[in-house]
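Scroll down for the structure; my scribbles are underneath it.
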Amino acid sequence: VVNAIHRASLRKDKPLIEVNCAAIPRDLVESELFGHEKGSFTGADRQRVGKFEHADTGILFLDEIGDMGEEAQAKVLKAVEESRFQRVGGTETREVDVRIVAATNRDLSSPQSGFRQDLFFRLNVLSVHLPPLRERSGDVELLLDFFMADLSGRLNRPQLSFSPETLAILSQYSWPGNVRELRNLVERLL
């Protein structure tokens with residue numbers, strides 16, 4: 001979905017930078033997002049540009065933002081509100097023009113979620129609910145065709161087709177791994 005948003009936006013020729021917030025250790029989130037100066041902490045042997053700077057004039061995709069820690073949420077809120085930040089250990093304020101797209105598999109709309117409500121409301125300009133694949137079985141055939149065309153080209157393999165019986169079985173399957181599971185199935189078949 002974020003790739004489709006990027007391709008349809010006025011920023012399509014600008015960078016799309018993706019960050020999996022769940023995969024970054026909590027003590028490195030600030031450095032990953034905002035960068036750091038050489039010597040700012042143990043192991044910072046060189047200057048590092050963060051994801052916000054890399055995404056300048058483009059789109060920054062914060063995947064699994066609901067897994068971001070409270071301290072990082074506060075810093076992201078400030079950066080989003082002011083369009084500026086400082087690198088870890090830095091004194092120079094850097095300004096950026098970044099469109100933020102965020103995704104989560106959790107409901108962040110209530111205080112009980114543990115997610116900062118001011119950040120939630122700041123990011124929640126436009127909400128897109130994407131139901132799991134098991135709730136949209138009509139998409140299975142379209143996705144199979146898409147992944148077959150894409151992956152057969154990438155893997156230099158001939159495209160396969162699915163019989164109506166196979167399509168019926170795959171459309172009834174619950175897809176606990178969602179679209180990734182379906183893509184992996186096509187790749188395995190090829």
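The mean sequence separation of alpha-carbon pairs under 8 Å and at least six residues apart, normalised by the residue count of segment 140-190, gives a relative contact order of 56 percent. Site-free segments of the chain were taken between chymotrypsin sites (Phe, Trp or Tyr not before Pro) in DSSP loops having at most 16 other Cβ atoms within 10 Å, sites themselves excluded; the longest one is 42-172. With each label modelled as a point 7 angstrom along the Cα→C-beta vector, the Ala44-Glu181 pair spans 4.3 nm.
With the cut-off at under 12 Å, measuring from each backbone N in segment 68-103 to a point 7 Å along the Cα-to-Cβ line of Val128 picks out 101-103. Summarising the overall dimensions of segment 44-123 from its C-alpha atoms, the Rg and Dmax are 13.3, 41 angstrom. Estimated from helices alone, the mean residue ellipticity of the chain at 222 nm is -11500 deg cm²/dmol (sum of -39500 (n - 2.57) over DSSP H runs with n ≥ 4, per residue).
When only alpha carbons are used to place a centre, segment 95-110 and segment 53-84 end up 7 Å from one another.
Summarised in one figure, the compactness ratio Rg/Rh of segment 49-190, Cα atoms and Kirkwood Rh, is 1.11.
Summary value for the chain: 17 percent relative contact order, contacts being C-alpha pairs under 8 angstrom separated by 6+ residues. Considering segment 128-190 at the alpha-carbon level, its Rg and Dmax are found to be 11.7, 35 Å. Span-like helix check, the chain: no full DSSP H segment qualifies, none having both a Cα axial length of 27 Å or more and a mean Kyte-Doolittle of 0.0 or more.
Apolar share of the accessible surface for the chain: 48 percent from carbon plus sulfur atoms, 1.4 Å probe. Taking label positions 7 Å along the Cα-Cβ direction at both Leu160 and Asp145, the computed distance is 1.9 nm, reported to one decimal. Orientation-averaged projection of segment 27-66 equals 3.2 nm² [convex hull of Cα atoms, one quarter of hull surface area].
For Lys51, the aspartates and glutamates whose Cα falls under 15 Å of its own Cα, not counting residues fewer than eight places away in the same chain, are Glu18, Glu30, Glu32, Glu37, Asp63, Glu95, Asp97.
The values are calculated or read from the model by the stated rules, or taken from the named source; none is laboratory data. This is a predicted model, so every value here is computed, not measured. Here Cβ is always computed from backbone atoms with ideal geometry, including for glycine, and neighbour counts include all displayed protein chains. To get the accessible areas, we keep the full protein, side chains included, count just its heavy atoms, and leave off ligands, DNA and RNA. Shrake-Rupley method; radii C 1.70, N 1.55, O 1.52, S 1.80 Å.
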